[in-house]
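J.: Below you'll find the structure I mean.
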Amino acid sequence: MKRFLTVAFLILAALVLVGATFLEGEPRNIRMGLDAQVGSDSLGFSLRWVAPQRTPRQTPVTGYEWELWVAAVEATPWETMTASGTTTAAVRDVEQNVAFVCDAAGTWYTARVRATGAFSAVAAWGVSTSTMVICDATPPGAPVVSLDTIAGDTVTTPPDSLVFAPVELARATWDPVTGGLQFSAIGDVAKLCAMAYRDGVGYLAPRAQNVATLDSLEVLTTSSVVNVADAPPIDAACWYVSAVGEGTAPVHLCSTDCPATMAMLPSGLRWPLFTLGVMFWGFGIWQDRRKRVVP
């Protein structure tokens, strides 16, 4: 008899605990999934749940309301609702594309579902666990592109990012990760251009606006390994790089970190003006010393 009473008490306690876990009308086991990115501005969203516990004497569930919210902080998930909808009582799953909130710091997505029906009060929300989605903030990679497909960049302000990419490789190969250019034989020629990216779209960067070709402070026009020469179109930042010898040669393709006095001038005037400036500087020092020794 004691054993029977003990078992009965445990069963009753378990039923009480289960009943206390779920509010009346609250859907259970809310499972949210952000399956895959669809395009550049949407995510594949899925939501599933289990019907709330109801007895035959309680008003039946006639349907469900669901919502998807986004927030910058997990602790405050109800900032912005990005999607919502309703289903019938027999449908307890949702699949659709939702807006992708792109934030490099990460965005928290949280879903909630509640039952609808002729209840005495509004049913409680069943809430899913929050999921963080991080936006990829890395600059665009260096694609192999054709000049015919790229519009000229007419904006004068610096772009979001500058990527140097080959537009004509012939027998050469290009490593988009390291930016390395590998020739297969002496005489091979590759054409490189600067791509100005704004909002993920690449444009042909103008010459000497945000881009120049320098090796340290000297414009690299020739070496024992490679030869660098301007390439058309003349108003774009494009160069021919040709293999003239064996070995390796660093070619500095730079953006706004190039010295402005060198990057903004045509290549034919840089060194004459630089030499003239050195001459004026030396003449100024000589004049200053000459004045000091005059009695």
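J.: Restricting to region 54-74, count the residues that are in contact with a strand residue (DSSP E or B) (Cβ under 9 Å, 6 or more places away or on another chain) and either over 14 Å from residue 114 (Cβ atoms) or among the aromatic types (Phe, Trp, Tyr) (or both).
T.: Number satisfying all stated conditions: 8.
J.: Among strands (runs of 3 or more DSSP E) lying entirely in region 115-198, which contain 1 or more residues that are in contact (Cβ under 8 Å) with a residue 40 or more places away in the chain, β-branched (Val, Ile, Thr) and surrounded by 16 or more Cβ atoms within 10 Å (Cβ to Cβ)?
T.: 131-133, 161-168, 189-198
J.: Return the residue satisfying two criteria in turn: it lies in region 202-235 and is part of a loop (DSSP other than H, G, I, E, B) and among the β-branched types (Val, Ile, Thr), and of such residues it is modelled with the lowest pLDDT.
T.: Of everything passing the filter in region 202-235, 219 is modelled with the lowest pLDDT.
J.: Follow-up. Please give the number of the condition residue 177 fails out of (1) of a type in the set (A, V, I, L, M); (2) at pLDDT below 80; (3) in contact with a Ser or Thr (Cβ under 7 Å, 6 or more places away or on another chain).
T.: Result: residue 177 fails condition (3) only.
J.: Kindly evaluate residue 138 against the criterion of being outside the structural domain of residue 69 (by TED's automatic domain parsing) and among the hydroxyl-bearing types (Ser, Thr, Tyr).
T.: Yes; evaluated as a whole, the condition is true for this residue.
J.: Out of curiosity, is residue 59 part of a loop (DSSP other than H, G, I, E, B) and either more than 41 Å from the chain's Cα centre (by Cα) or at pLDDT 90 or above (or both)?
T.: yes
J.: For region 66-84, which positions are in contact (Cβ under 8 Å) with a residue 24 or more places away in the chain, surrounded by fewer than 17 Cβ atoms within 10 Å (Cβ to Cβ) and aliphatic (A, V, I, L, M)?
T.: 72, 73
J.: Moving on to the next point. Specify which of the listed residues (199, 160) is on the phi > 0 side of the Ramachandran plot, modelled with pLDDT under 90 and acidic (Asp, Glu).
T.: 199
The values are calculated or read from the model by the stated rules, or taken from the named source; none is laboratory data. Quick caveat, the model's predicted, so the values are computed rather than measured. With ideal geometry, Cβ positions are generated from the backbone for all residues, glycine too; neighbour counts draw on all protein chains shown.
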